[in-house]
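Nothing in this text is a laboratory measurement; each read-out follows from the coordinates by a stated rule. Bear in mind that the values here come from a model prediction, so they are computed numbers and not experimental data. When we count neighbours, we look across all protein chains shown, and the Cβ atoms used for this are built from the backbone with ideal geometry, even at glycine.
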Amino acid sequence: MGLRSDIRTVKRKDPASTSTLSIIITSNGMHAVWVYRLAHLLWEIHLKLLARIVSGLGRFFTGVEIHPAAVIGKNFMIDHGTGTVIGETSIIGNNVLIYHQVTLGGTGNESGKKRHPSLCDGVMIAAGAKILGDIKIGANARVGANAVVLKDVPSNATAVGMPARIILNENMTDADCSLMSKL
């Protein structure tokens, strides 16, 4: 989960990226991921206050809020970033792409239990989508812009609307998620 891999991911998924230098300097979504990775490391070694401070600084500079306890896989990309919120018990698989103003949020104030969404490998979440509660977005699923998702989305399906409805695809499977063991 190195910096080079993150840069390659941005080059591959963002047609506006022009060079490695421009990505390093201007990609606030990537900066937010890098800050998250540092904060998460601090969280994992039980320096939770320091992790929250680092996370808060990241939010201030990037406009992206990622709780340091969230679990995020490799090749994760936030395009544009600003306004994105990823909650404490969120789990995000590998090769996930989300756009600005996406919320992976809870639906209540319960503590000590899973209350945020899990995104499997290859998921794409379009701008402004809100995914709320302890739900699962299956592998390679898509969530449309401004959708409000309150129920599981099967693998390879697309969810659109408010509240979201599922548009079924011919290739739907019940694929496993690589990070679901973290539940």
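Separation of region 1-48 from region 77-103 is 12 Å, based on Cα centroids.
Cross-link partners for Lys11 among the lysines, with Cα-Cα distance under 21 Å and sequence neighbours closer than 8 places in the same chain left out: Lys74.
List the trypsin sites (Lys or Arg not before Pro) within region 53-133 that fall in a DSSP loop (any state other than H, G, I, E or B) and whose Cβ has at most 13 other Cβ atoms within 10 Å.
On the way: sites: Arg59, Lys74, Lys113, Lys114, Arg115, Lys130; in loops: Lys74, Lys113, Lys114, Arg115.
Those that pass, being in a loop and sparsely packed, are Lys113.
Inter-label distance, Phe60 to Trp34: 1.8 nm, where each label sits 7 Å from its Cα along the C-beta direction. Calculated FRET efficiency, Leu50 to Met162, Cβ-Cβ distance, R0 = 35 Å: about 0.35 to the nearest 0.05.
Over region 3-174, what relative contact order in percent results from Cα pairs under 8 Å that are six or more residues apart?
Numbers: 446 pairs, mean separation 21.1, N = 172.
RCO, region 3-174: 12 percent.
Across region 3-174, counting alpha-carbon atoms alone, Rg and Dmax equal 15.5, 47 Å. Within the shell defined by Cβ-Cβ distances under 11 Å, the residues around Ile166 carry a net charge of +2, with Lys and Arg each +1 and Asp and Glu each -1. Legend: ranking of residues Tyr99, Tyr36 from fewest to most surrounding C-beta atoms inside 10 Å; resulting order Tyr99, Tyr36. Select from the chain the helices, each a whole stretch of DSSP H, whose alpha-carbon atoms run 20 Å or more along the helix axis and whose Kyte-Doolittle mean is at least -1.0; answer none if there are none. Long hydrophobic helices here: 28-44, 48-62.
In terms of surrounding Cβ atoms within a 10 Å radius of their Cβ, Ile91, Ile125 rank from fewest to most as Ile91, Ile125. For the chain, the mean residue ellipticity at 222 nm estimated from helices alone is -8500 deg cm²/dmol, where every DSSP H run of n ≥ 4 contributes -39500 (n - 2.57) and the total is divided by all residues, rounded to the nearest 500.
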